[in-house]
Amino acid sequence: MRLFIRKMSEDRAVQILNWKYKVPYDFYNNESIKELLENSYSVVIDENDQLIGFFCVGHSAQVPSGIQYGAYTEKCIDIGLGMKPELTGQGLGFAFFSFILKHVQNVYKLVPLRLTVAKFNERAIRLYEKMGFEKKMEFSNGATVFMTMVNPITVPKVHRH
């Protein structure tokens, strides 16, 4: 499957707003069209122009209640992402997240990446750990416990001859 990144459009935002995740992932069914149309959101499509998922970077990827707990004090680029519900649980997450990660690392060179995940989302946590992310801190918004995970900078080694 070949993947491509496109700017979020109103049509794509409406599609995403109609996604319905199964319990307990239904927690993620709450984006707003205004938020999705902000500049930090992009979509991932396949070669047939089918929507695979979306991602955002920066402040939009942070959980607001984490700020009061100091979850976002380190200098990192925050990433948030979502995959079309019908595609989850099929082993496609690795390719999807790898594609997004490569793009973000190319744009934000040599800056650690951070993401925030609901602690119950063990499927995502396993994937993020597989991709080199390490658990950092936990905080709660009263209803859900979240965890930040950071992918430290990996500086290429210089070989001397």
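Odds and ends about this structure:
- With θ taken as phi - 60° and the Karplus curve 6.51 cos²θ - 1.76 cosθ + 1.60 applied, the whole-hertz 3J(HN,Hα) list for the range 7-19 is 5, 5, 10, 4, 4, 5, 4, 4, 4, 5, 5, 8, 5 Hz, x standing for glycine and proline.
- The alpha carbon gyration tensor of the range 45-161 gives principal lengths a ≥ b ≥ c with a/c of 1.5 or higher and a/b no greater than b/c, which makes the shape oblate.
- Antiparallel bridges, percent of DSSP beta bridges restricted to the range 3-151 (to nearest 5): 90
- Sequentially through the range 42-53, phi angles give Karplus couplings (6.51, -1.76, 1.60; θ = phi - 60°) of 10, 10, 10, 10, 9, 5, 9, 6, 8, 6, 9, x Hz, Gly and Pro residues having no value and appearing as x.
- Multiplying the residue separation of residue 75 and residue 111 by 0.36 nm and removing their Cα-Cα distance gives an extension gain of 12.2 nm.
- Mean Cβ neighbour count within 10 Å, used as a protection proxy, ranking 101-107, 85-91 highest first: 101-107, 85-91
FYI, it's all coordinate maths here, none of it is from the lab. From a predicted model like this one, the values you see are computed outputs, not experimental measurements. As a convention, Cβ positions derive from the backbone with ideal geometry for all residues, glycine included, and neighbour counts pool all protein chains shown.
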